[in-house]
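Remarks on the structure that follows.
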Amino acid sequence: MMLSRRFYVSVFVVALVVAGGYATLISQPGYTDAYYYYNAGARLADGDGLTDPYLWIYLNAPDHLPGPSHTYWMPLESLVIAGSAALLGVSFGAAQVSSALCLAGLVTLAAWIGWQVGQTQRHAIVGALLVLFGGFFAPYWTGTDTFALYGLVGGGALAAMGQGRAQGSWRWFALAGACSALAHLTRADGLLVLLVALLVALWPNGAASAKQRILRAAVVLIAYLIVMLPWFVRNLSVIGTPLPVGGMQTVWLRGYEDLVNYPPGVTLNDFLHWGAGNIIESRWVAFQNNVGTFVAVETWIVLGPFVLLGLITRRRHPWAPGVTLYAIGLHLAMTFVFAYPGYRGGLFHSSSALLPFWAAFGLAGLDDAIAWAAVRRGWKRRQAQRVFSSALVALAVALSLGLLLGRRDAWNTADKAYEALPADLPADAVVMINNPASLYYHTGLGGVVLPNADPSAVTEIAAQYGVTHLVLDADRTRPFDDLYLGRSHVSFLRERRVYDQGTADPGDDLRLFEIVSGDGK
């Protein structure tokens, strides 16, 4: 028995209503990634094209501002936001509509995946609810970041390649290739989805000949290239390469602050000179954090062992190879290759594509464990499965709401102090600040990111980008600590104002400096 179309429509509608409730609790982007995607989408809808009036990173930096956007992050989230803005007007609330629709689509996909793995309506419903109340993901679902979008297109790609393996139809592999491209357009590490799709297409499977498997892989690649072609053409016209290349330097980071090094980047030689001890320790820290991400973030704290059990007992399921390959590849890459970006958020973002599968295989593994226990303890198996499923959903709901309410105040008040800056700045000011994407959202002022460099670098950056002022706050880079704390002074900076945040701790104040010539003029 297949679940009806009406069932899936009902799931979509319920998810959309809950997503609307999430959205009402968050009134602004709240952190750099979300500000960036929103700003770019809003500028596109306003007719400014795919451009940035600020630099948040010096890798792949243009020669002037505004410059081309998305030379580090990928564009699809901003394109989706621009679509919402074009239809509903430019506002954060309008941008949230696209995320709510993506979340409703992801939850509906989770219901279908739950059915495909568990073959009961209970599995479909519980799988959908676990994703809808996604624990640590819940606060992010309806913001202007890539979580819901990547979960939908990345999860869709994994599901399509699994169906292609099950049915042998080239159409499913074409869909897998197209969704892989959308995943790549959403996140740079979405390229891993394409590699997994190619491996799944080539994987020995039943009576499929080597020629058939090669043709399936070709279909995946062609569909991917068709979807990606416009973005390749755009990049060739503005940066000279199909994809930005500077992001690969993040492999050699020796700390997260190296992302804003000036001059930009870290080389292999820098990385090796860091020493074997530091390299091993950094990977160990990443490993510990990423294990914690799998346990707490990806699998609702308690479902992790049952996810592994479900994958083992259903290793012959046609979807298992793709999901397993992607999960292993993602966790290895985010631990041992892109260690700092990985454990600081990269794994969290990209694991959203795994969430519906973890719900499905985790619930199946839980059912297996209950069936085993029922024989030995005399439980009524079906009743116990319903009870434990309900308890799991209740835990997910409580975890999600607690985290959402906890994030709400921090995000809704983030960087509000920036709104006081325009009163003390000329209309054409260009500001060096820790979070230029947030500054632009709150004030409309362009700027550049505070570098991880000696303060003397300010003059060179200011000369290139016309920077007129510097703002330091609690999130400054370490080389600017002494300047912020008043322990040092430089001739080309004149302090204009301190913005007291009304607390006893001066460490949360904003300090505004004007960039002047060396003689103080």
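The values are calculated or read from the model by the stated rules, or taken from the named source; none is laboratory data. In this text the structure is predicted, and so the values were computed from the model without any measurement. When we count neighbours, we look across all protein chains shown, and the Cβ atoms used for this are built from the backbone with ideal geometry, even at glycine. Each accessible area value is taken on the protein alone, full model and side chains, heavy atoms only, with ligands, DNA and RNA left out. Shrake-Rupley method; radii C 1.70, N 1.55, O 1.52, S 1.80 Å.
With a ≥ b ≥ c the root eigenvalues of the C-alpha gyration tensor of segment 433-480, is it rounded (a/c under 1.5), prolate (a/b larger than b/c) or oblate? Taking the square roots of the gyration eigenvalues as a ≥ b ≥ c, segment 433-480 is oblate.
Summarised in one figure, the compactness ratio Rg/Rh of segment 349-465, Cα atoms and Kirkwood Rh, is 1.34. How would you classify segment 245-347 from its alpha-carbon gyration tensor, with a ≥ b ≥ c the square roots of the eigenvalues: rounded for a/c under 1.5, else prolate if a/b is greater than b/c, otherwise oblate? Note, shape of segment 245-347 comes out prolate. Antiparallel as a % of all DSSP beta bridges within the chain, to the nearest 5? Roughly 55 percent of the DSSP beta bridges within the chain come out antiparallel.
With θ taken as phi - 60° and the Karplus curve 6.51 cos²θ - 1.76 cosθ + 1.60 applied, the whole-hertz 3J(HN,Hα) list for segment 264-272 is x, x, 9, 9, 4, 5, 4, 4, 5 Hz, x standing for glycine and proline. Determine the shape class of the chain: with a ≥ b ≥ c the square roots of the Cα gyration tensor eigenvalues, call it rounded for a/c under 1.5, and otherwise prolate if a/b is greater than b/c, oblate otherwise. The shape class here is prolate. Over segment 184-240, the Kirkwood radius and the radius of gyration, each from Cα atoms, give a ratio Rg/Rh of 1.11. Just the Cα atoms of segment 291-384, one point each, no solvent: what log10 I(q)/I(0) does Debye give at q = 0.11, 0.16, 0.22 Å⁻¹? Relative scattering, expressed as log10 I(q)/I(0), comes to -0.36, -0.68, -1.07. Across q = 0.12, 0.22 Å⁻¹, segment 67-172 modelled as identical point scatterers on its alpha-carbon atoms has Debye log10 I(q)/I(0) values of -0.49, -1.13, in the order of the q list. Taking Lys and Arg as +1 and Asp and Glu as -1, the other residues whose beta-carbon sits under 14 Å from that of residue 173 total +4. Three principal axis extents describe the C-alpha atoms of segment 400-521; from largest down they are 55, 30, 25 Å.
Calculate what fraction, in whole %, of the accessible area of segment 85-225 sits on carbon and sulfur atoms when a 1.4 Å probe is rolled over the protein chains. Looking at segment 85-225 in its full context, I get 71 percent from C and S.
Rolling a 1.4 Å probe over the heavy atoms of the protein chains gives the chain an accessible area of 42 Å² per residue. What is the angle, in °, between the Cα long axis of helix 5-25 and the longest principal axis of the Cα atoms in the chain? Nearest 10 is fine, range 0 to 90. Compared with the principal axis, the helix lies near 30 degrees. Dipole size of segment 343-409 about its Cα centre, with +1 on Lys/Arg Cβ and -1 on Asp/Glu Cβ: approximately 240 debye, rounded to the nearest 20. Carbon-plus-sulfur accessible fraction, segment 1-64 (probe radius 1.4 Å, protein heavy atoms only): 61%. Taking only protein heavy atoms and a 1.4 Å probe, the accessible area of segment 406-445 is 45% carbon and sulfur. Scoring 279-286, 42-49, 112-119 by mean Cβ neighbours within 10 Å over their residues and listing the highest first yields 112-119, 42-49, 279-286.
In the chain, taking the dipole from charged Cβ atoms about the Cα centre, the farthest positive-side position among 244, 370, 429 is held by 370. Normalising by residue count, segment 341-381 has a Cα convex hull of 73 Å³ per residue. Over the chain, DSSP H runs of length four or greater, each weighted -39,500 (n - 2.57), average out per residue to a 222 nm ellipticity of -18500 deg cm²/dmol. Dipole magnitude for segment 1-81: computed about the Cα centre from +1 point charges on Lys and Arg Cβ and -1 point charges on Asp and Glu Cβ, it is near 540 debye. Once divided by 2.2 N^0.38 Å, the Cα radius of gyration of segment 64-110 becomes 1.38.
Peptide packing: for 431-441, 331-341, the average count of neighbouring Cβ atoms within 10 Å per residue gives the ranking 431-441, 331-341, highest mean first. In degrees from 0 to 90, rounded to the nearest 10, what is the angle of the helix 170-186 Cα long axis to the longest principal axis of the chain? That helix lies at roughly 20 degrees to the long axis.
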